[in-house]
1. Of 256, 190, 264, which has the largest mean-square fluctuation in a 10 Å C-alpha GNM of the chain?
2. Can you give the angle from 0 to 90° between the axis of helix 169-182 and the longest principal axis of the chain, with both taken from C-alpha atoms, to the nearest 10?
3. Defining a contact as two alpha carbons under 8 Å apart and six or more residues distant in sequence, what relative contact order in percent does the chain show?
4. Given labels modelled 7 Å from the Cα in the Cβ direction, how far is it in nm from residue 230 to residue 96?
5. Can you compute 3J(HN,Hα) from phi for each residue in the range 159-168, using the Karplus curve 6.51 cos²θ - 1.76 cosθ + 1.60 with θ = phi - 60°, rounded to whole Hz and x for Gly and Pro?
6. With a 1.4 Å probe and all protein chains left in place, how much of the accessible area of the chain comes from carbon and sulfur atoms, in whole percent?
7. Amide H neighbours of residue 113 under 5 Å, at least 5 residues apart or on other chains, H built in the peptide plane: list them.
8. Note the full-extension length gain between residue 261 and residue 123 as 0.36 nm times their separation in residues minus their Cα-Cα distance, in nm to one decimal.
Amino acid sequence: MHIHFGFDIVCEFPAATPLILLLHTRPSFTSSLLRPQILRNSAGLPVDPFVDPFGNLATRMLAPAGSLRLHLDSLCEVSGEPDEIDPGASQGNVARLPVWTYRYLLPSRYCESDRLSGFAWAQFGSVPAGWARVQAVVDYVHNHLSFAYPLARPHRTAYEAWLERTGVCRDFAHLSIALCRALNIPARYTTGYLGDIGVPPVPDPMDFSAWFEVYLGKRWYTFDPRHNARRIGRIVMAYGRDAADCALITSFGPHTLSKFHVVTEEVGVPAPRALAYA
């Protein structure tokens, strides 16, 4: 399966502002690319790429005062298979987990697993450990929260989403992560592209998406509490403890977003013409 993906984003800056961008796919995805993944900017600014502590491909740059356009257009090949299901995946004993998973067991900025621990064990403690317990968490979050763009806010935490019973995809992911960590299941936040591939299209404008992964057995598995369905064509951009580690644009100063256009679509071969950049 071939997927055409990219974005056209315009930000306004009142003054020169340092930025850190997570706008590329994960380095491990490079071999799937059929078209170079080039991040262009309207000011022709030099960029400083680096790999962050979570293994994400980041870019550092200094945005000038005024309008700055960020543009990327690429093509990739993916398997076309839905997210894997493995009901037999087991939950590891914390004392024997790889030490690098421990960061995904602890409370973080948006995932207060300590505040939700009592509820998590009362609600899910009787569910068999492993895949079944994670799926029970996902089922609960999917039904407990109502998806509502108008009620979104950037600082809502998992605990607040649980109380308010509303959120967007990041809130669904945060609450699921917090509950899994409270149950001693390593869970990490994931952000990337997820188009309406293999499902009926929705009327909402295309956006980036957030879901999460859990460490069961000896590997990571994908879960999506917003949709609660195995989806096709996910393109991972970043992993982290929560959205604070995976912000697509981190600006060290104020800015406003004046344009935000994202595309993720299945295409045939030959590849489609690239999005215009001029």
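1. Largest GNM mean-square fluctuation: 256.
2. Between the helix axis and the principal axis of the chain, the angle is about 40 degrees.
3. Averaging sequence separation for qualifying contacts and normalising by length gives 30 percent for the chain.
4. Here the modelled spin labels are 2.7 nm apart.
5. With the stated coefficients, the range 159-168 comes to 5, 5, 4, 4, 6, 7, 6, 8, x, 10 Hz.
6. Its accessible area is 57 percent carbon and sulfur atoms.
7. Excluding prolines and chain starts, which carry no amide H, the hits are 108.
8. Using 0.36 nm per residue and subtracting the Cα-Cα distance, I get 45.7 nm.
The values are calculated or read from the model by the stated rules, or taken from the named source; none is laboratory data. Please read all numbers here as calculations on a predicted model, not as lab measurements. Here Cβ is always computed from backbone atoms with ideal geometry, including for glycine, and neighbour counts include all displayed protein chains. Calculation scope for accessible area: heavy atoms of the full protein, side chains included, ligands and nucleic acids excluded. Shrake-Rupley method; radii C 1.70, N 1.55, O 1.52, S 1.80 Å.
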